[in-house]
Amino acid sequence: MIKKLNTVKLFVNQNVEAKRIAKIVEKAMKKAGFLIVDEHYDLAIAIGGDGSFLRMVRSNNFDSNIYYLGINAGTLGFLQEGKLDYIEELVKAIEQSPRIFSVSPRMIQMHRRDRMDDGGDMYSIMGWAYQRGVGQEIERYERPCHIFSACAGAAIYRREIFEEIGYFDEMHFAYLEDIDVGYRAKIAGYYNRY
């Protein structure tokens, strides 16, 4: 059964851009019928960057039934348009199996709306990490599939698996933290979806 999300808590980085985007997100969430609360919530959203997400998951003792959604301030074109149905789609996708650790949505370039920014992250046999689909036509990325890891720019994660494998490694402060945590999830027998 798909969990119906009704209540949301926003965790916002304290820089000006994150605060501006938080206002947009809050307005869109309320318009979509979500209640913004400070406690007893179904969904926790970190707005800002990787540090915001780390602070959110480390500073709170969440119930394991809560989902984490991290949104990098540079990836919010879809929210500025008020399109929040993707959150419901992410929840449907992650609830398909308890073995799914994370789900990455289709991320579209802000200034070229017909091009992909990220369709999940991949890891090559040569040890190179890369964005799946970057710069390609969005129509090529409409089907769900397995990915190496979700792009932390906009992804949903299962808390109880974080508790098992560990959180984002602070040594990866700006890039590759999503690859690292996705890799640890795979080693532990979980998988990641787009």
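Above 20 Å, the calculated P(r) of the range 86-194 contains 36 percent of its Cα-Cα pairs.
Compared with the direct C-alpha span, the chain from Asp85 to Glu17 gains 22.1 nm at full extension, assuming 0.36 nm per residue.
The modelled label-to-label distance between Trp128 and Tyr191, using points 7 Å beyond Cα along the C-beta direction, is 2.6 nm. When you filter the chymotrypsin sites (Phe, Trp or Tyr not before Pro) in the range 110-139 for DSSP loop state and at most 14 other Cβ atoms inside 10 Å of their Cβ, you are left with Trp128.
Kindly flag which residue pairs out of Lys19/Lys92; Lys92/Lys186; Lys4/Lys31 have an alpha-carbon separation exceeding 22 Å in this structure. Result: Lys19/Lys92 exceed 22 Å. Taking the alpha carbon gyration tensor of the range 146-194, multiplying each eigenvalue by 5 and rooting it gives semi-axes of 15, 13, 10 Å, largest first.
Every number in this text was worked out from the coordinates using simple rules, so none of it is lab data. Note that the structure is predicted; figures quoted are calculated from it, not measured. Note that we place each Cβ from the backbone using ideal geometry, even for glycine, and neighbour counts take in every protein chain shown.
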